[in-house]
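These notes are about the structure you will find just below.
The values are calculated or read from the model by the stated rules, or taken from the named source; none is laboratory data. All figures in this text were calculated on a predicted structure; none of them were measured in a lab. Here Cβ is always computed from backbone atoms with ideal geometry, including for glycine, and neighbour counts include all displayed protein chains. SASA here: full protein model, heavy atoms, side chains in, ligands and nucleic acids out. Shrake-Rupley method; radii C 1.70, N 1.55, O 1.52, S 1.80 Å.
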Amino acid sequence: MRFLFPSDYFNPKKADPAYLEEVACMQNAGFATGVISLESLASGSSKIIPSPTVGSKVVYRGWMLSPRDYELLVSVVESTGASVLTSKDEYLATHYLPNWYSLITDLTPETKFYSVDDDLENQLNQLGWNGFFIKDYVKSLKTSVGSIINQPSQIKTVVAEMQKFRGTIEGGICVRRIEDFVKETEKRYFVLSGKPFASSPDEEIPEIVFECAKRIESQFFSVDVVSSSDGTKRIVEIGDGQVSDIVGWTAERFAQIWIDI
């Protein structure tokens, strides 16, 4: 198993500073690591340094990639004679909200999907909800006006700000129904080869995470769980494990789960 990280823009032979601790922990755990220039993917000049061993399995750990860029990444890996743990289809299965929502509709807030060109204000009026959480297929707006609105008329501002700060709307618009969550209870879990892991080896993993592991057929993904005010566990997000932050985790613990499988 080899772990592949984005390279430092100014030193393409070293990992981006944001991932140096994770690189060190993976190496200490006995895993090989490499780097790749994401900026060079589109030009076709990206190379993996050092090149993976022929027949090895590669796990990408880095920034979110568009479907096209992920496809290019896979091509670079396969050109070395190695293969990826997560195919493009598996990547999108957990990276794009519409792809995993249908598998766990009973475990997560009700969600509707729209095109940017739809009459979004009218669509939200028809829903009749008391609150709306707005995001594209991948991310929500964490700056400016934020992602939560109470009035359908506010949707135009949110979408405009998403386009301004994100540069693009990826996939389309997702509108999630607001539920009564206790924000400080949110935790991230990882599922690797069908087995759930928590940020501490002694932590009891909620049953809802095991249910996700049964329903979602991806080798490696993240599951964000939160408690409702009545104590019910709910899923707030599923993500591809390769591009999910290790929020709430140590880099040492993250490396450990790969040894445990």
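Miscellaneous remarks
- Taking every alpha-carbon pair within the chain, the share separated by more than 34 Å comes to 22 percent.
- Per-selection metrics, the range 1-63 (Cα): Rg and Dmax in Å: 11.1, 34
- Summed residue charge, Cβ within 11 Å of L20's Cβ, Lys/Arg positive, Asp/Glu negative: -3
- Of the residues W100, F132, V35, the one whose Cα sits farthest toward the positive end of the charge dipole of the range 1-147, with +1 on the Cβ of Lys and Arg and -1 on the Cβ of Asp and Glu, is V35.
- Heavy-atom accessible surface of the chain, averaged per residue, reaches 48 Å², computed with a 1.4 Å probe.
- Potential lengthening of the chain between A29 and K156 amounts to 40.9 nm, from the contour at 0.36 nm per residue minus the alpha-carbon distance.
- Split the accessible area of the range 47-197 by element, probe 1.4 Å, and carbon with sulfur accounts for 47%.
- Where labels lie 7 Å past Cα in the beta-carbon direction, separation of Q126 and E110 in nm: 1.4
- Rg/Rh (Cα only; Kirkwood hydrodynamic radius) as it applies to the range 113-261: 1.01
- Rounded to the nearest 0.05, the FRET efficiency derived from the C-beta distance between D119 and K57 at R0 = 35 Å is 0.15.
- The magnitude of the dipole of the range 108-261, with charges of +1 and -1 set on the Cβ of Lys/Arg and Asp/Glu and taken from the Cα centre, is near 260 debye.
- Extending 7 Å from Cα along the Cβ direction at R68 and again at T250 yields two label points whose distance is 4.2 nm.
- Full-extension gain in nm, A18 to V182, via 0.36 nm per residue minus C-alpha separation: 56.1 nm
- Count Lys and Arg as plus one, Asp and Glu as minus one, and take only other residues whose Cβ is under 12 Å from that of S228; the net charge is then -1.
- For the chain, the dipole from Cβ point charges (+1 on Lys and Arg, -1 on Asp and Glu) about the Cα centre works out to 540 debye, to the nearest 20.
- Linear extension gain, F165 paired with K214, 0.36 nm per residue minus alpha-carbon span: 14.0 nm
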